[in-house]
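Notes to accompany the following structure.
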Amino acid sequence: MSEVKLSAETRTEFGKGAARRIRRENKVPVVLYGHGSDPLHLSLPGHDLLLALRTPNVLISLDIDGKTNELAIPKAVQRDPLKGFLEHVDLQLVKRGEKVTVEIFVHTEGELAPGGNLLEHVLNALPVETEATHIPESVTVSVEGLEAGASILAKDIPLPSGTTLAVDEDTVVLQVLAAQAEETQGEAAEGAEAAEA
């Protein structure tokens with residue numbers, strides 16, 4: 001779990017025009033909410049925030065106007081669909097020791113049984129509940145030797161200490177599918193002739 005420190009400034013202007021001015025200054029408009037408090041409108045340095053968001057479930061330590069320090073995790077990120085720059089970010093306020101529900105990536109290791117089987121990720125990310133300052137970036141599960149028809153359930157995935165499932169334990173996370181045999185052109189032609197007859 002990585003913690004990134006960023007300096008934030010409170011915003012007093014709102015709307016599209018204000019957001020464009022903030023982005024022209026290489027900053028990103030941000031809303032910080034949670035714990036029953038009023039949403040706080042901030043701007044954060046664009047490049048630093050972009051680097052921080054490359055880490056899944058990053059914990060962000062905000063220095064707001066040099067007066068207060070808050071911890072937050074990203075909840076919603078809006079990017080420009082063409083250029084990819086950050087347009088707006090929602091952050092959720094968290095406290096040390098508080099439990100939060102997040103999604104962590106599921107990585108696999110090992111080789112499936114021979115035979116051209118395919119591994120399907122039914123869930124790319126696993127919903128878990130964990131302490132806000134100890135969010136795991138990902139979990140790894142072995143698929144070594146699994147054959148077609150095998151599946152890995154949420155309860156089969158080893159979780160770090162202090163982390164619990166936030167989804168039904170019998171939810172299928174990964175499953176192994178049998179490879180589909182491709183028809184050769186000759187077989188496809190014969191099949192078409194037989195259908196016409």
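The values are calculated or read from the model by the stated rules, or taken from the named source; none is laboratory data. Owing to the predicted nature of the structure, the values given are computational and were not obtained by experimental measurement. Cβ atoms come from the backbone with ideal geometry, glycine included; neighbour counts cover every protein chain shown. Ligands, DNA and RNA are stripped out before the accessible areas are found, and what is left, the full protein with its side chains, is counted by its heavy atoms. Shrake-Rupley method; radii C 1.70, N 1.55, O 1.52, S 1.80 Å.
Taking R0 as 30 Å, what FRET efficiency do you get between Ala18 and Lys95 from their Cβ-Cβ distance, rounded to the nearest 0.05? Intermediate results must be reported in sequence, preceding the final value.
On the way: r = 30 Å, r/R0 = 1.00.
Step by step, r from the Cβ atoms, then E = 0.50.
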statement: If every Lys and Arg gets +1 and every Asp and Glu gets -1 at its Cβ, then about the Cα centre the chain yields a dipole, in debye to the nearest 20, of 1860
message: Filter Lys5/Lys155; Lys5/Lys99; Lys27/Lys155 down to the pairs with a C-alpha to C-alpha distance above 31 Å, please.
response: Lys5/Lys155; Lys27/Lys155
- request: Measure nothing but the geometry: give the 0 to 90° angle between the long axis through the Cα atoms of 185-196 and the longest principal axis through the Cα atoms of the chain, rounded to 10°.
  value: 70
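Restrict the search to segment 1-109; then list the chymotrypsin sites (Phe, Trp or Tyr not before Pro) that DSSP places in a loop and that have at most 15 other Cβ atoms within 10 Å of their Cβ.
On the way: sites: Phe14, Tyr33, Phe85, Phe105; in loops: Phe14, Phe85.
In loop regions of segment 1-109 (DSSP not H, G, I, E or B), the sparsely surrounded chymotrypsin sites (Phe, Trp or Tyr not before Pro) are Phe14, Phe85.
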statement: Of the residues Gly149, Ala125, Ile73, the Cα lying farthest along the dipole of segment 61-151 towards its positive end, which is defined by charges on the beta carbon of Lys, Arg, Asp and Glu, belongs to Ile73
- prompt: Amide H to amide H under 5 Å from Ala166: which residues, 5+ apart in sequence or cross-chain, H placed 1.01 Å off N in plane?
  reply: Val128, Glu129
statement: For the chain, the percent of accessible surface on carbon and sulfur atoms (probe 1.4 angstrom, ligands and nucleic acids excluded) is 48
Calculated from backbone phi, Karplus (6.51, -1.76, 1.60) coupling profile of segment 151-164 in Hz, x at Gly/Pro: 9, 10, 8, 4, 5, 7, 8, x, 9, x, 4, x, 10, 10
message: If you average the alpha carbon positions of segment 70-91 and of segment 1-56, how far apart do those two centres end up, in angstrom?
response: 8
statement: Projected onto the charge dipole of the chain (unit charges on the beta-carbon of Lys, Arg, Asp and Glu, signs +1, +1, -1, -1), the Cα from Tyr33, Thr10, Leu50 with the largest positive-side position is that of Thr10
Amide H partners (placed H, <5 Å) of Val173, local residues excluded: Ile152, Leu153, Ala154
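If Lys and Arg each add +1 and Asp and Glu each add -1, what is the summed charge of the other residues whose beta carbon sits under 14 Å from the beta carbon of Gly84?
On the way: positive: Arg23, Arg54, Arg79, Lys83; negative: Asp80, Glu87.
Here the count lands on +2.
With a 1.4 Å probe and all protein chains left in place, how much accessible area per residue does segment 77-140 have, in Å²? All intermediate terms of the calculation are to be shown ahead of the outcome.
Details: 3640 Å² over 64 residues.
For segment 77-140, the solvent-accessible area averages 57 Å² per residue.
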- prompt: Which residue, Ser151, Ser161, Ser43, has the most motion in a Gaussian network model of the chain that connects Cα atoms within less than 10 Å?
  reply: Ser161
Extension gain (nm, one decimal) between Thr10 and Val77, 0.36 nm per residue minus Cα-Cα: 22.2 nm
